[in-house]
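Asker: I have a structure here, written as structure tokens, and I will follow up with some questions on it.
The values are calculated or read from the model by the stated rules, or taken from the named source; none is laboratory data. All values derive from a computational prediction rather than experimental measurement. Cβ coordinates were reconstructed from backbone atoms using ideal geometry, including for glycine residues, and neighbour counts include every protein chain displayed.
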């Protein structure tokens with residue numbers, strides 16, 4: 001992923017680090033002009049179009065490298081580029097892929113080369129597409145099953161999507177970001193018994209991939225753990241919100257100087273992410289077209 005002027009520690013996947021801390025301070029972005037909002041929408045639409053084309057392309061037998069090459073072609077065709085390719089964070093090499101391709105127990109930040117075997121029926125692939133279009137970011141993830149998933153995995157996928165939908169409704173003026181976390185955690189963990197990945201969350205974005213606020217998917221457990229928890233949802237703010245949920249545990253593991261982040265127990269995981277513009281009238285989902293995509297690919 002491309003380094004912006006700031007990077008949330010949480011996105012590095014270090015589950016033992018404090019969520020919500022920033023490597024470098026940055027002021028909250030100014031409220032969007034109508035022209036800026038149109039460009040942000042156009043960037044988001046290119047992400048949706050890429051996912052739509054992926055849904056027609058994906059099938060068992062493909063490798064992650066082949067999928068990443070396909071994504072690169074689509075981005076060029078749409079007049080944008082990856083905002084992930086070459087992205088840098090401390091103590092890690094530049095991100096080597098056009099998209100994050102995370103298979104099964106890999107919950108986020110999988111690269112095109114970390115898993116070289118072809119996809120087989122029963123695999124579960126998270127694809128996070130991030131673009132730059134005319135200076136504006138679009139960033140959204142969806143989860144795809146190859147062949148019919150097991151009942152447990154199907155339920156995990158449905159809970160992931162529903163937790164995202166319920167959480168987005170909380171992103172409105174008068175609310176604070178902790179209400180997002182209460183809703184998402186209350187549903188995914190409290191009602192459904194799955195586990196949100198600790199140390200990972202959503203973020204503001206705009207002309208940079210990561211800006212304030214940091215948006216945790218779980219409520220803080222001690223004072224100061226999540227400084228943005230009680231920040232107001234202000235009109236004109238762009239946020240990328242993204243529940244990452246596993247069957248067995250919220251703990252993650254990550255090898256030194258490598259990007260992929262895996263569930264600590266090897267259990268299956270899902271990742272769903274929408275781009276949202278907070279308006280005076282409530283949340284406007286810029287990537288809503290993802291909701292209409294098929295999520296079971298040919299096995």
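Asker: Please determine, by comparing only the residues of segment 174-201 that are touching a strand residue (DSSP E or B) at 6+ places or on another chain (Cβ under 9 Å) and assigned to a helix (DSSP H, G or I), which one is nearest to residue 32 (Cα to Cα).
Answerer: 177
Asker: In this structure, does residue 260 turn out to be more than 30 Å from residue 33 (Cα to Cα) and free of Cβ contacts under 8 Å to residues at least 40 places away in the same chain?
Answerer: So residue 260 does not fit the description; no.
Asker: Moving on to the next point. What are the pairs, 6+ residues apart or on separate chains, where a residue within segment 139-163 that is within 30 Å of residue 42 (Cα to Cα) has its Cβ under 8 Å from a residue that is modelled with pLDDT under 95 and surrounded by 15 or more Cβ atoms within 10 Å (Cβ to Cβ)?
Answerer: From residues that are within 30 Å of residue 42 (Cα to Cα), the pairs are 146/299.
Asker: Can you tell which of 54, 32, 62, 39 is in a loop (DSSP other than H, G, I, E, B) and at pLDDT 95 or above?
Answerer: Answer to the selection: 62.
Asker: Select from segment 96-112 the residues that are over 23 Å from residue 41 (Cβ atoms) and either surrounded by fewer than 24 Cβ atoms within 10 Å (Cβ to Cβ) or touching a helix residue (DSSP H, G or I) at 6+ places or on another chain (Cβ under 6 Å) (or both) and list them in ascending order.
Answerer: Within segment 96-112, 96, 97, 101, 103, 104, 105, 111, 112 qualify.
Asker: Which of the numbered conditions does residue 89 fail, given that it passes all the others? Conditions: (1) assigned to a loop (DSSP other than H, G, I, E, B); (2) within 14 Å of the chain's Cα centre (by Cα).
Answerer: (2)
Asker: Go through (1) outside any loop (DSSP other than H, G, I, E, B); (2) more than 23 Å from residue 243 (Cα to Cα); (3) modelled with pLDDT under 95 for residue 10 and report which single condition fails.
Answerer: (2)
Asker: When residue 127 is evaluated against the numbered criteria (1) over 24 Å from residue 196 (Cβ atoms); (2) in a strand (DSSP E or B), which criterion, by number, is the only one it fails?
Answerer: (1)
Asker: Is segment 283-294 home to any residue that is in a loop (DSSP other than H, G, I, E, B), surrounded by fewer than 21 Cβ atoms within 10 Å (Cβ to Cβ), over 14 Å from the mean Cα position of the chain (by Cα) and touching a residue at least 40 places away in the same chain (Cβ under 8 Å)?
Answerer: Yes, segment 283-294 contains a residue that is in a loop (DSSP other than H, G, I, E, B), surrounded by fewer than 21 Cβ atoms within 10 Å (Cβ to Cβ), over 14 Å from the mean Cα position of the chain (by Cα) and touching a residue at least 40 places away in the same chain (Cβ under 8 Å).
Asker: I'd like to verify a number: residues in segment 210-242 that are touching a helix residue (DSSP H, G or I) at 6+ places or on another chain (Cβ under 9 Å) and farther than 18 Å from residue 126 by Cα, how many?
Answerer: The number of residues fulfilling the criteria is 18.
So that you can scan it fast, the table gives a plain yes or no per residue for (1) within 17 Å of the chain's Cα centre (by Cα); (2) free of Cβ contacts under 8 Å to residues at least 12 places away in the same chain; (3) buried (at least 24 other Cβ atoms within 10 Å of the Cβ); (4) not in a helix (DSSP H, G or I):
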site	(1), (2), (3), (4)
172	no, no, no, yes
203	yes, no, yes, yes
212	yes, no, no, yes
219	no, no, no, yes
222	no, yes, no, yes
239	yes, no, yes, yes
266	no, no, no, yes
